[in-house]
Amino acid sequence: MKKIVVLTGAGISAESGINTFRDADGLWEGHDVMEVASPMGWERNQELVLDFYNKRRRQLQTVDPNPAHKALKELEKNYEVHIITQNVDDLHERAGSKNVIHLHGELKKVRSTFDEDLVLDWEGDLVAGDFCEHQRQLRPHVVWFGEAVPMMQPAIQITMEADILLIIGTSMQVYPAAGLLHYAPEGIPVYFIDPKPAVKETRHLKIFSEKASTGVPKLVKELLQDSE
């Protein structure tokens, strides 16, 4: 089975109704990003940060996977599919995708502020006084600005083994995620799905200039036909 590696970003989740990470004014849900997505913001105002992610977690319960998420699951019929996402939602998993790496963490998980490897599944609100087994406050399991990206190494390894690369809903301008492109084997087919692509087609790069919910099902149909 050929291995397809899929890189996804905010664009695929936005179509399910999840507000994208940063609006044009640089704010995230009306907040300065550093207030709610940095270790300094956490030190300054834990209540604000906890409330912010509780709202994101609640919103996640009101949305569903869209046709792009569901189409990627279909690829598993004929390919080994690995999804590397910059998104913290669980829409890929809810659509049925089996192999998903979250570069920036997961909204439905929390972790200990004492031991970063102590990660728990979490569905409801997280509040001050919710402690881990070491009696330390739990925090959102989200990679904040200035923090290491622990899943980067596994993502690099998988990208190096790709036979086909799909890029969906991400400009691939934000590092370290953008650096993954450099690890893909030279000359493999790359498909880029974006309504406003900032790149040009080449012999190995094919562009679908449309949103994920229409472009991904089209590409998946094409790839499934090619594999028969």
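For the range 24-144, the fraction of 1.4 Å probe accessible surface lying on carbon and sulfur atoms is 47 percent.
For the range 121-212, what's the relative contact order in percent, using C-alpha pairs closer than 8 Å and at least 6 residues apart?
21 percent
A dipole drawn for the chain from +1 and -1 charges on Cβ atoms has a positive end, and of ALA71, LEU205, PRO154 the residue lying farthest that way is LEU205. Placing +1 on each Lys and Arg Cβ and -1 on each Asp and Glu Cβ, with no other charges, gives the range 1-127 a dipole about its Cα centre of roughly 600 debye. Shape of the chain from its Cα gyration tensor (a ≥ b ≥ c, root eigenvalues): rounded if a/c is under 1.5, otherwise prolate when a/b > b/c, or oblate? Verdict is prolate for the chain.
Only the Cβ atoms of Lys and Arg (+1) and of Asp and Glu (-1) were treated as charged; on that basis the dipole of the chain about its Cα centre amounts to roughly 580 debye. Within the set of other residues whose C-beta is less than 9 Å from the C-beta of LYS98, count the net charge using Lys and Arg as +1 and Asp and Glu as -1. Charge balance in the 9 Å sphere: -1.
Heavy-atom accessible surface of the range 76-228, averaged per residue, reaches 52 Å², computed with a 1.4 Å probe. Taking amide H atoms as placed 1.01 Å from N in the peptide plane, list the residues 5 or more away in sequence, or in a different chain, whose amide H sits under 5 Å from that of ILE84. Those qualifying (amide H under 5 Å, at least 5 residues apart or on another chain) are VAL6, LEU7, THR8, ILE101. Among the trypsin sites (Lys or Arg not before Pro) found in the range 114-208, those both in a DSSP coil and sparsely packed, with 14 or fewer other Cβ atoms within 10 Å of their Cβ, are ARG136, LYS200, ARG203. Only protein heavy atoms count here; on that basis, with a 1.4 Å probe, ARG58 has an accessible area of about 110 Å².
The Cβ shell under 12 Å around THR85 holds other residues with a net charge of -4, Lys and Arg each +1, Asp and Glu each -1.
Which pairs in the list LYS109/LYS206; LYS55/LYS221; LYS73/LYS200 are over 32 Å apart, alpha-carbon to alpha-carbon? Checking Cα-Cα distances, LYS109/LYS206; LYS55/LYS221 exceed 32 Å. Shown is the FRET efficiency for HIS134 and GLU43, computed with R0 = 30 Å from the Cβ-Cβ distance and rounded to the nearest 0.05: 0.95.
Against the chain, whose longest principal axis comes from its Cα atoms, helix 46-60 is set at around 40 degrees.
Where in the range 78-144 are there GluC sites (Glu not before Pro) that are in a DSSP coil and have at most 12 other Cβ atoms within 10 angstrom of their Cβ? The qualifying sites are GLU123, GLU133.
The values are calculated or read from the model by the stated rules, or taken from the named source; none is laboratory data. This is a predicted model, so every value here is computed, not measured. Positions of Cβ are backbone-derived with ideal geometry, glycine not excepted, and every protein chain shown enters the neighbour counts. For the accessible areas, the whole protein counts, side chains as well, though only heavy atoms, and no ligand, DNA or RNA atoms are used. Shrake-Rupley method; radii C 1.70, N 1.55, O 1.52, S 1.80 Å.
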